[in-house]
Structures are given as structure tokens and as C-alpha cells.
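Each remark here refers to the structure printed beneath this line.
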Amino acid sequence: MLYPRGSESRHIQSLDGMWNFRIDASPNRNLGFEQKWYSGRLSTTGPVIPMAVPSSYNDVTEDKNIRDFVGWAWYDREFFVSNLSQNRRVVLRFGSAHYYAIVYVNGIEAVRHDGGHLPFEADVNTLLIVNGPNYVTVAVNNTLSPTTLPPGTISYKTDTSKYPEGYFVQNLQMDFFNYAGIHRHVRLYTTPKTYIDDITVTTTVDFASNIGHVNYAIEVVGDQSGTLKVEVIDKSGETVATGTTSKGTLQVNNPQLWWPYTMNVNNPAYLYTLKITLTGTDLDVYRLPIGIRVVNVTSDQFLINNKPFYCHGVDKHEDSDIRGKGLDYALIAKDFNMLKWLGVNCFRTSHYPYAEEILDQADQQGVVIIDESPGVGIGSRNFGNQSLSHHLEVMSEMYRRDKNRPAVCMWSVANEPESDNTKAVPYFKSVIGYTKQLDPTRPVSFTCSKDYSNDKCVQFVDVIMINRYYGWYSNTGHPEVIQRQINTNFMEWRKLYNKPLLVSEFGAGTVAGLHRQPSMAFTEEYQIEVLSQYHQAFDQHIGQFLVGELIWNFADFMTAQNPTRVVGNKKGILTRQRQPKAAAQLVRNRYNSMFNSSFNG
Ligand code: E9O
């Protein structure tokens, strides 16, 4: 699905801003549908409050019932369309809404979507009133069930000696707050009736003759008799290759390759523009940023443009005060500044696909992305056919959204599934196989929290990703055992598989400002000791088969309330407000000293 970009043929109108909002707190959460709240203005159905879009709704109000709400929440707003949109496709697009959304335009259903974190859209032209106010209504339900991704369960509490009538709780299988609402941009954009619907680009490089190949396929919907012009344009505005077919390969001589910014090259993160011009009854123009680069995995290396790449990075979350998982440009800019300050050259989008505006920065700034699906915490209840087919659907939506991004160098289909369960074997064989079939150009993996002795699914991955918590969840308070345990564990994985290894999580909970000498768990001293033990262990294997390390986590983040979390998970090397804990300095020194080293180009 192409990102909405303005052009001489495409106009974009933002529907972000303050919407009207109310939760449906009726016992079965179904009053809104029974009373058809979408059939008129939401404000006529009962009291509404202003709600920011994009944002999670949870932390915006002073009301606990809204913060912890489970069920259908309702939004609406008014908008106008100009008469310029007549005779054009007018597409209503949501960057994401969590979790299940039904969208109505002027009271008529326009689109529904299953799953947060990914965009959805519909041509709403025929539903619009040109000379009058229009209104859009969104019903969004955050309930997680055994067949959603991420999965969860609802427990009904029927013991009335303990709970009021109708009481239920949402159980999560993930360690982050289930933020909900309209999380990303809402936009209307226009295209002509005959339009460029999709573009797929892959690139290869002939290093001996220094030629880049841009393989492209364009899908046009509508009248197929128009003519196409395809141009690769460099940063100076010069056209360096052209084509006229809907599918083909363009040759770029002496290409400027896309490199991670930590590698020893001039102009890292170089982007060309692939400009498509469709001329026929109507004109359509679309400009796609592309990078020329190749990713390969050997038995012990992760190669970008045939040079070894060592990922020194972090895992992240979309998470911040007030807005929860809502898109925020200041936060995106701050996060990338902090990533660069730390010397991070790679992050994993744990545990779901991040906003396209975040991935844009990764493409532009040269930060490698391990693009993770929302498949977090998949367990024995979740290996059925309905879950599997939804997971495949999510992988295909994710692939369609992110396939052309040079920064995306690996897919992660899941985080910490029960990969020791025999039912996991056909499930992950299918999810990984399907993803590799969609995209043969990128490695595919999942992060494994099981041990080499009981895991059954690492056999299917290209790069082994393991989450380890020696010195934290085991041997708490004993960083002195970490190096030995990491070494033993690495050797066992290597005995089983001839594949590169990446440590996709390690870390320690740390309350900012808490100090003890000698150190204790949760102090800033302890986080430093834990991380440096891992660092020393990793140093023994960099350049052999270890291809990366990702600290859990870039910043503190919100979780559900439970006895092991103190207003959220505190494993950040930064606070939730993105201020450094003492360990951030350690990481900054380490990561910055890794720039341009032999294992990084
Ligand atoms: C997933 C992440 O979302 N991994 C968890 C993180 C945590 O801090 C959570 O926030 O709890 C850790 C999982 C622990 C797995 C233990 C692995 C042991 C390997 C033998």
C-alpha cells in the first residue's frame, strides 16, 4: 500500500486534530451499535469529550475508566471536501487504529480493519457530499482475544461474592500497555480514476562493474492504455536511468549505495527518487524514495552491500507520556537524535510495525531496521488455523507497506513465542516460509526466549535471534555469571545451527536515580554492571558469528499494572522522558567506538 504523497496529480487533506469521543461503557459494550451511533453526530448520542488524533486515548483524560477501558470507543468529526475532488478517487486512509476499527462516512460503513499498527484505506468518493459538511465516525475496539495479534484473553468473573455482576478483565500476553485509539494520521487523498496503485522495488548490485540494478513492478488500476515513464533521479535532480514499461530493470552506473550511517562511506543513507509518470486520459505522478543496496546472510555474517554489518542497537517501543502510542513528530525527532547520540546503528521495532513516519527517518538517516510483526507472546492457545491465517494476512500487509524501504533489512515474525511447543512447528514453518516467499530479498527470523535444548523453530530462521536475561530473570544480583552463561549458550546454538546469531534482548530493570554501592538489582550501578558483562562476553564473538546486540530497552515504557512493574518496565537506558541513566554513557562510549571498525564495513 503506497504511502500518501502529494504530487501534481494527488492532493492530501489532513483529518488530524480534535475529534469528538466517547467510550461505550454499557454492560455488553454494544449500545453504540444497537443505537447506531454512527447514523448521526456522536454528540447527539450522549456526552462527548474532545480527543486528540493521532494519540492513544488512555492517558489524555483524568478518568481511570477511560485509561483502563476495554471495548468499543467511538470517535467522530466533521470535514469538508473541495469540489476539486469530483471525478477523482478520494481515499480515506488511517495510518493505524488499535485494535479493530469500523469506519463510517456520513453514516455508511466505508471500511473495517482487523489489527493495530498497520494502515487501511477506502475510496469514499461516492459517500461524500461536496456542498456540505461530511462526518466520519470511527468505532475502535481494543479487546485482545486468542485469535488477535497480539493475542490475549478475557476472563469473566462470575463469583458475585467477589466481583460485581458482569465483571471481566483483559489478560495480556505481552509486557506493554495495550494503548488504544486512532494512533496515526487520518488523511483524505485524491488520485485520478486511473492511478498508480502499487510499486515494488528490489535492488541488486554488480560490485565488479559497479552497477546498480533497480528492479521494479508497477500496478496501474483503471484504463491500461496510458503510457508510463519511470525515472531514477539522484539527489542533485538528475535523471540517471529511465524506463517505459510497467515492469523492468533499470541500470544505474556508479551508484551511490544506501549504507548504514556508521559504516565507513561517504554519503550514507543515499536515497534516489523513483518517479513514475502515468499519462493517459488522466495524469498520475508518484515519487517513491528508494535506496540501492543488498542484504545477505552467510553462516556467520550479516552483509550489507557485501560488507559485514554488526548491529549495535536497541529495542524500542512506540511509547511516551500523554500520547501513549500516538504519532508525534517531536518525539520521533528526539528519538533519532538520542539514537545517534548513543551511536545506535540498528533497532528492532519491538513488538509491532512502527509508524511509516518513523521508518522514513530510518531510511533517511541510515539506521537499520529489524521490522517486527505484532506477533508477541504467541502461546499454546494461539496456534490454531484462525490465528495462523490472520498472522499470514498481517505479514502480507506489513510486507506491502514496508517492502520498498532500504532501512528494513530483516523481518521478525514474532517475539518470544512458545517455540518449544510441537504445535509451533507447523505454525512457524508456515509464517516464516510465507514471509520468505513474499520477500526473497530479506532474511526472516523471530526472537527466541527458549533454550537451544527445547526450541523447535529456530531451524526455520536465517539469523538466530535470542533474548537472554542472565543476571536478571535468573541469577538476579549476580552479574559475575553472565559471561560464562553467554559463552556456554552461544556455543550450544552454534553446535546446532550454522547460522549467525544476534542477541535481540538483554538488560536489567533500573529505577533512574536509585543508587547503591555495592550495587543491587534496580540501581543504576547494577544496570551498568550487567550491560558491561554482556559487552565483554559479546566482544569474544564479534567477527566470528555474532552479528548484533540489542539492549532491552531504549527507554522505560508503560506496562499493565502488576506486582513486578513499578509504573511500567524500567529496563530503559533512558527514562521514559528520554533522559539518560548512567548506563547510557557506557553504551554511548561502546557504540561510538564501533563506528567504521572492521566488523562494520
Ligand atoms: C519481551 C519484552 O517485551 N521480553 C521480556 C521483557 C521483560 O523485560 C519484555 O519487556 O520482561 C523478557 C522475557 C524474559 C525471557 C527469559 C529468557 C530466558 C532465556 C533462557
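Read-outs: derived from the displayed coordinates by stated rules, not from any lab. Every value quoted in this text rests on a predicted model; they were computed, and no experiment measured them. All Cβ positions, glycine included, derive from the backbone under ideal geometry; neighbour counts span all protein chains shown.
Kindly indicate the residue of the range 32-88 that is acidic (Asp, Glu) and crowded, with 17+ Cβ neighbours inside 10 Å and also farthest from Pro192 (Cα to Cα) among those meeting that condition. If you could, list the steps in order and put the result at the bottom.
Narrowing the range 32-88 to residues acidic (Asp, Glu): 34, 59, 62-63, 68, 76, 78.
From what's left, crowded, with 17+ Cβ neighbours inside 10 Å: 59, 76.
Values: Asp59: 40, Asp76: 27 Å.
It comes out as Asp59.
Taking residues in the range 560-583 that are over 19 Å from Leu531 (Cβ atoms), and partners anywhere that are part of a loop (DSSP other than H, G, I, E, B) and among the polar types (S, T, N, Q), the pairs with Cβ atoms closer than 8 Å and at least 6 places apart or on different chains are Ala560/Asn178; Arg565/Thr559; Gly568/Thr559.
For a quick check of your reading: which strands (runs of 3 or more DSSP E) sit entirely within the range 154-214 and have at least 2 residues that are small (Gly, Ala, Ser)?
Values: elements: 167-172, 186-191, 195-206.
In the range 154-214, there are no strands (runs of 3 or more DSSP E) which contain 2 or more residues that are small (Gly, Ala, Ser).
Pairs meeting the criteria (first residue in the range 14-43 and without any contact (Cβ under 8 Å) to a residue 12 or more places away in the chain, second residue surrounded by 18 or more Cβ atoms within 10 Å (Cβ to Cβ) and outside any loop (DSSP other than H, G, I, E, B), beta carbons under 9 Å, at least 6 apart or on different chains) are Ser26/Gly32; Leu31/Trp37; Leu31/Trp72. Within the range 417-436, the only residue that satisfies the criterion of being touching a strand residue (DSSP E or B) at 6+ places or on another chain (Cβ under 6 Å) and in a loop (DSSP other than H, G, I, E, B) is Ser419. Can you tell me which residue is nearest to Ser350 (Cα to Cα) among those in the range 550-601 that are among the hydroxyl-bearing types (Ser, Thr, Tyr) and more than 11 Å from the ligand (Cβ to nearest atom)? Result: Thr575.
Could you list, in sequence order, the residues of the range 135-152 that are over 20 Å from Arg22 (Cβ atoms) and buried (at least 17 other Cβ atoms within 10 Å of the Cβ)? Selection gives Leu144, Pro146, Thr147, Thr148, Leu149, Pro150, Pro151, Gly152.
Kindly establish whether Asp206 is in contact with a Phe, Trp or Tyr (Cβ under 7 Å, 6 or more places away or on another chain), surrounded by fewer than 19 Cβ atoms within 10 Å (Cβ to Cβ) and within 30 Å of Gly313 (Cα to Cα).
Details: in contact with a Phe, Trp or Tyr (Cβ under 7 Å, 6 or more places away or on another chain): no; surrounded by fewer than 19 Cβ atoms within 10 Å (Cβ to Cβ): yes; within 30 Å of Gly313 (Cα to Cα): yes.
So Asp206 does not fit the description; no.
Residue under question is Val285, and the condition is that it be surrounded by fewer than 22 Cβ atoms within 10 Å (Cβ to Cβ), in contact with an Asp or Glu (Cβ under 6 Å, 6 or more places away or on another chain), farther than 27 Å from Leu531 by Cβ and not polar (S, T, N, Q); does it hold? Yes, satisfied.
Could you identify the single residue in Tyr497, Tyr470, Tyr452 that is under 22 Å from Val297 (Cα atoms), surrounded by 18 or more Cβ atoms within 10 Å (Cβ to Cβ), touching a helix residue (DSSP H, G or I) at 6+ places or on another chain (Cβ under 7 Å) and not hydrophobic (A, V, I, L, M, F, W, C)?
Tyr452
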